[in-house]
1. Go through region 214-325 and tell me which helices (runs of 4 or more DSSP H), entirely inside it, have 1 or more residues that are farther than 30 Å from Val343 by Cβ, more than 16 Å from the ligand (Cβ to nearest atom) and modelled with pLDDT of 95 or more.
2. Just to be sure I understand, how many residues within region 320-339 are of a type in the set (Val, Ile, Thr) and farther than 16 Å from Ser260 by Cβ?
3. If you scan region 222-237, which residues turn out to be within 15 Å of Leu121 (Cα to Cα), surrounded by 14 or more Cβ atoms within 10 Å (Cβ to Cβ) and aliphatic (A, V, I, L, M)?
4. Consider region 207-216. How many of its residues are open to solvent by 100 Å² or more (accessible area, probe 1.4 Å) and either without any contact (Cβ under 8 Å) to a residue 12 or more places away in the chain or closer than 10 Å to Met181 by Cα (or both)?
5. Can you give me the number of residues within region 235-267 that are more than 12 Å from Met133 (Cβ to Cβ) and not hydrophobic (A, V, I, L, M, F, W, C)?
6. From the list Ile280, Ile287, Ile240, Ile299, pick out the single residue that is in the same structural domain as Asp131 (by TED's automatic domain parsing) and among the β-branched types (Val, Ile, Thr).
Amino acid sequence: MKTYKIAVLKGDGIGPEIVNEAMKALDAVAEKCGFAVEYDEALLGGCAIDATGVPLPDETVAKCKAADSTLLGAVGGAKWDTLPGHLRPEKGLLGIRSALGLFANLRPARIFEPLREASPLRADIINGSLDIMVVRELTGGIYFGERGRLEENGVQAAYDTEKYSVPEIERIARIGFDLAMKRGKKLCSVDKANVLESSRLWRETVTKMAAEYPEVELSYMYVDNCAMQLVRNPSQFDVILTSNIFGDILSDEASMISGSIGMLASASLGETGSGLYEPIHGSAPDIAGQNMANPLATILSVAMMLKYSLGQPQASDMIETAVAQVLTQARTPDIYVEGMRKVTCSEMGDLVAELIRNA
Ligand code: NAD
């Protein structure tokens, strides 16, 4: 039987609670689909600082590198907020992404039918099927480019540089094209090529690569128009491919269309394909330890892991189907509406696992 080794970084706050429920779903789907999962837990963030003095111990990096994939809860909390920058939990998060060479961030934005009312958009705007994947470049561009301060004619100034090389654009574009092939075969490359030279190189490079993907319908959009189209007619998008800074903003905008932070999964991929999977929300210290967090974002992160790193698309679909089903019956407090059964974090995990087992 195929056995997958998963590094598990539960982290802080609600991290351990939500990851435990995601592991229940993974165990259930493994049993159903005939593969095995071995977990290797490691410390990241505040819990790592408490135990070892640093937010990202070497042992954690080694365990993640040795695993087929990594599942992460969330890190951070008030307890560690006053520590110096290099000792903050978030430093562990950036550190593990860079140690694993993760250059692509994937953020799906979709609406589960029973949660339609949670979207801030009007029903007639989201009446079509809505399933967008934002592919954001994660390790280049203006967040990593040359920056500085200077004085010009006695006036203080500052600058940041947006720079992309052809290989950097090619590797992220390949992820976008490959994803489009597995989904609706539509790729929209978002840039600001009417103004920025780096965007013009981005567009030229993506255009050249399109020849390798004749089945993918490639389009281009300026980032300002894309920001508008996402709230005007979001159903037009399948995969959105974009740079680090544009993706940072657009992925937050796109994900909010679905309405609830407790439902949003993400993946970060690198050259090896093993990837890091995590909910987009934080450690929610305000509800930690109360068994009331919504574990569905983490459960859906496992579904992404199965599809994009473990090559188990059927198992992935089973989890997504179980999540869609559970939403018609039960809700954690953050997405509760009258008429539904109000459940705890662990009850929600149990229900999803049960639906998978009974599928
Ligand atoms: P947050 O996402 O933790 O919480 C924002 C709000 O959403 C809170 O009211 C919280 O209760 C709620 N919420 C979040 N996830 C939920 C869930 N699964 N179910 C129900 N409700 C949920 O953001 P914040 O309050 O700005 O940050 C809290 C801590 O998390 C900080 O220390 C921050 O640095 C850290 N953080 C970590 C990550 C990460 O690990 N990737 C991301 C963002 C913030």
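The values are calculated or read from the model by the stated rules, or taken from the named source; none is laboratory data. Everything quoted here is computed from the prediction, not taken from an experiment. Backbone-built Cβ (ideal geometry, glycine too); neighbour counts: all protein chains shown. SASA here: full protein model, heavy atoms, side chains in, ligands and nucleic acids out. Shrake-Rupley method; radii C 1.70, N 1.55, O 1.52, S 1.80 Å.
1. Filter on region 214-325 gives 223-232, 244-256.
2. Residues meeting the conditions: 1.
3. The answer is Ala227, Leu230, Val231.
4. 3
5. Looking only at that region, the number is 11.
6. Exactly one of Ile280, Ile287, Ile240, Ile299 is in the same structural domain as Asp131 (by TED's automatic domain parsing) and among the β-branched types (Val, Ile, Thr), namely Ile240.
Here is a yes/no grid of residues against (1) within 14 Å of Gly141 (Cβ to Cβ); (2) touching a residue at least 40 places away in the same chain (Cβ under 8 Å); (3) in contact with a strand residue (DSSP E or B) (Cβ under 7 Å, 6 or more places away or on another chain); (4) of a type in the set (Phe, Trp, Tyr):
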position: Lys163; (1), (2), (3), (4): yes, no, no, no
position: Arg171; (1), (2), (3), (4): yes, yes, yes, no
position: Gly176; (1), (2), (3), (4): no, yes, yes, no
position: Met181; (1), (2), (3), (4): no, no, no, no
position: Lys185; (1), (2), (3), (4): no, yes, yes, no
position: Ser189; (1), (2), (3), (4): no, yes, yes, no
position: Lys192; (1), (2), (3), (4): yes, yes, yes, no
position: Leu196; (1), (2), (3), (4): yes, no, no, no
position: Arg200; (1), (2), (3), (4): no, no, no, no
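A quick yes/no check of all residues on (1) modelled with pLDDT of 95 or more; (2) under 23 Å from Pro313 (Cα atoms); (3) more than 22 Å from the chain's Cα centre (by Cα):
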position	(1), (2), (3)
Glu21	yes, yes, no
Ala25	yes, yes, no
Ser69	yes, yes, no
Leu83	no, no, yes
Leu94	no, no, no
Glu117	no, no, yes
